[in-house]
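Structure record follows, encoded as structure tokens.
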Amino acid sequence: MNIVIANTFYPPDGRGGAERSVRVLAEGLAEAGHRVSVLCTSKVQFESVSKGVAIFGLGRMNVYWIGSNESIGRILKLIWHTFDLFNPVSFVRCLRLLKRINPEILHTNNITGLSPSIILAAKILGISTVHTLRDYYLGCIHSNA
């Protein structure tokens, strides 16, 4: 089966439980013989392969990268969150990658920074989507403020 997993971060970026469990899941599925790709936010765009998992870092798609350690002001955060509600840059990048990878399933996790627009991209392409609830971001933008 051809599976794409989407998460805000993927190692070495991010240190939370979601990143660790997504990595275990992706590597386990690859080890079981599935074709696995991960879409994640990143400082710069890249493609790599690690332990049988194709990793696609989408690069900065908003006014700042969510993984930045820089101090971000309230106004910039408001702009960032407003843009993330439906990020057209993320939508186009995800649509192109999903079309290229042609997965049977999109498994979304934390999608802060990827934008909920990834779900519309999958729907347009007829890709079945499953979402693992890991936070309240889809219901409240303040959950990851």
- Item | Relative packing of 16-25, 125-134, which averages over residues the other C-beta atoms within 10 Å, highest first | 16-25, 125-134
- Please get the size of the charge dipole for segment 27-145, origin at its Cα centre, with Cβ charges of +1 on Lys and Arg and -1 on Asp and Glu, quoted in debye to the nearest 20. 280 debye
- Task: Scan around Val38 for amide H atoms under 5 Å from its own, H built in the peptide plane at 1.01 Å from N, and keep only partners 5 or more places away or cross-chain.
- Result: Ile5, Ala54, Ile55, Phe56
- In vacuo Debye scattering of segment 60-142, one point per C-alpha: log10 I(q)/I(0) at q = 0.13, 0.16 Å⁻¹? -0.43, -0.63
- Give me the net charge of Lys43's neighbourhood, meaning all other residues with Cβ under 10 Å from the Cβ of Lys43; Lys, Arg count +1, Asp, Glu -1. 0
- Task: Please find, in a Gaussian network model of the chain (springs between Cα atoms separated by less than 10 Å), the residue of Arg93, Arg60, Arg15 whose mean-square fluctuation is greatest.
- Result: Arg15
- Task: Skip the ligands, DNA and RNA, and give the accessible area per residue of the chain with a 1.4 Å probe, whole Å².
- Result: 54 Å²
- Item | Net charge, Val24 excluded, C-beta distance under 13 Å - Lys, Arg +1, Asp, Glu -1 | 0
- Item | Hydrodynamic radius by Kirkwood, which averages 1/r over all alpha carbon pairs of the chain, in angstrom | 15.2 Å
- Please count, across the chain, the pairs of lysine residues with Cα atoms under 28 Å apart that sit 8 or more places apart or on different chains. 6
- Counting DSSP beta bridges with both partners in the chain, what percentage is antiparallel, nearest 5? 25 percent
- Query: How would you order 104-110, 47-53, 70-76 from highest to lowest mean count of nearby Cβ atoms within 10 Å?
  - Reply: 104-110, 47-53, 70-76
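The values are calculated or read from the model by the stated rules, or taken from the named source; none is laboratory data. None of the values given here were measured: they were computed from a predicted structure. All Cβ positions, even for glycine, are placed from backbone atoms using ideal geometry, and neighbour counts span all protein chains on display. Areas reflect the complete protein model, heavy atoms only, side chains present, ligands, DNA and RNA absent. Shrake-Rupley method; radii C 1.70, N 1.55, O 1.52, S 1.80 Å.
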